[in-house]
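Everything below concerns the one structure shown next.
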Amino acid sequence: MAIRLLAPATINRIAAGEVIERPAAAVKELVENALDAGARRIAVGIERGGIARIEVKDDGCGIPEAELELAITRHATSKLTDEALVRIATLGFRGEALPSIGAAARLTLTSRPRGQDSAARIIVAGGAVGAVMPVAGPAGTSAIVEDLFYATPARRKFLRSVAAESSACADVVRHLALAAAEVAFRLDIDGATSFDLPAQDRQARIAALYGRGDAQAMIALDAVREDVTLSGFISPASLTRASARHQHMMVNARPVRDPLLRMALRVAYREIIPAGRHPLAALWLEIPPESLDVNVHPAKSELRFAAPEAIRSLVIGAIQRHLATPAALGAAPSLRLEPA
Ligand code: ADP
Ligand code: MG
């Protein structure tokens, strides 16, 4: 067969396979967009594990009517200039999420920029782009995804149960809500409200998302080395879990699953907790963007650090120092909670 260029709809469907692995990935991309838009309030609705419907509403900067079509075009982004790939400060930058979702599902994007008095809407279904229509709507953006993977049936077959997809979606929203405690967050699953939180400080957000008892027992942690800052909360050796699910890492406000950070946590606790147990942690690392590569995988949850050894020793050292304080050894809880 002769070599030829693929049609854009096909290219988007291929990308969708990488960017939107499962409903939770679509949820993540849409909430990241809302955060990048400077939203103060984000509401997420999930139905049937996100397969039937995902809705993410924000009160962020909005998308001008004239740019709605660009927003759903591949490699179109307002967040990256060609020179800036080495210092990424936004959660998104690849310009792939919306076109990928629009290729695999039916995406309805409605937006009204701040200061504008009317909204506009565009619908993409299985890669087919409709006309931009003026509609009534509040300031901000709403993205509705319906029938995820109807246009990519091969992927649809690999989905797990509705309950499993639902709980993966909820995990993603909780992690993002933890990363951005200063933003009001609401999550509804199949019509029932899971949480509806005001803007909070980090301590209060941990308590609201993961339980007041655990939050109260955790130890506040702070450390700085050169231009890297580590802060957050860790559990004392007496508070552990059978899985590492309760370890949340944020790097430059991005929720990440980073093996280096997890390993650092494991090493820091190795001598003081039984094998098979895992501490709880919520850690925020702030690092100059140029010392970090987030463009490792389309989902952007994996990282490469320019100086991994320095990060590792900063994290291990900080944890061990804080675990050796009176609070960690069983004295008064160091966590300040808002009144109920
Ligand atoms: P990326 O986030 O990598 O730029 P996306 O495909 O997720 O790519 O989004 C494309 C563009 O659409 C963004 O760069 C942004 O300009 C615009 N956009 C998407 N979602 C929102 C939103 N919720 N509010 C404002 N603008 C948005
Ligand atoms: Mg994005």
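The values are calculated or read from the model by the stated rules, or taken from the named source; none is laboratory data. From a predicted model like this one, the values you see are computed outputs, not experimental measurements. With ideal geometry, Cβ positions are generated from the backbone for all residues, glycine too; neighbour counts draw on all protein chains shown.
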Members of the range 161-186 found to be more than 22 Å from residue 232 (Cβ to Cβ) and either in contact with a Lys or Arg (Cβ under 8 Å, 6 or more places away or on another chain) or touching a residue at least 60 places away in the same chain (Cβ under 8 Å) (or both), listed by number: 161, 162, 163, 164, 165, 166, 168, 169, 186
Considering only residues of the range 221-237 that are surrounded by fewer than 18 Cβ atoms within 10 Å (Cβ to Cβ) and either at pLDDT below 95 or of a type outside the set (A, V, I, L, M) (or both), which is farthest from residue 310 (Cα to Cα)? 237
Which condition does residue 205 not pass, out of (1) among the basic types (Lys, Arg); (2) in a loop (DSSP other than H, G, I, E, B); (3) not assigned by TED's automatic domain parsing to the domain that holds residue 58, if it passes all the others? (2)
Is it the case that the range 243-258 has a residue that's touching a Leu at 6+ places or on another chain (Cβ under 8 Å), acidic (Asp, Glu) and over 16 Å from residue 317 (Cα atoms)? yes
Applying the selection to the range 265-293, what residues are farther than 25 Å from residue 201 by Cβ and hydrophobic (A, V, I, L, M, F, W, C)? 267, 272, 273, 275, 292
The lone condition residue 135 fails out of (1) free of Cβ contacts under 8 Å to residues at least 40 places away in the same chain; (2) under 22 Å from residue 24 (Cα atoms); (3) in contact with a Lys or Arg (Cβ under 9 Å, 6 or more places away or on another chain) is (2)
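Conditions (1) hydrophobic (A, V, I, L, M, F, W, C); (2) more than 23 Å from residue 196 (Cα to Cα); (3) away from ligand 1 (no atom under 16 Å from the Cβ); (4) in contact with a strand residue (DSSP E or B) (Cβ under 6 Å, 6 or more places away or on another chain), marked per residue:
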| residue | (1), (2), (3), (4) |
| --- | --- |
| 139 | yes, no, no, yes |
| 150 | no, yes, yes, no |
| 154 | yes, yes, yes, no |
| 158 | yes, yes, yes, no |
| 161 | no, yes, yes, no |
| 169 | yes, no, yes, yes |
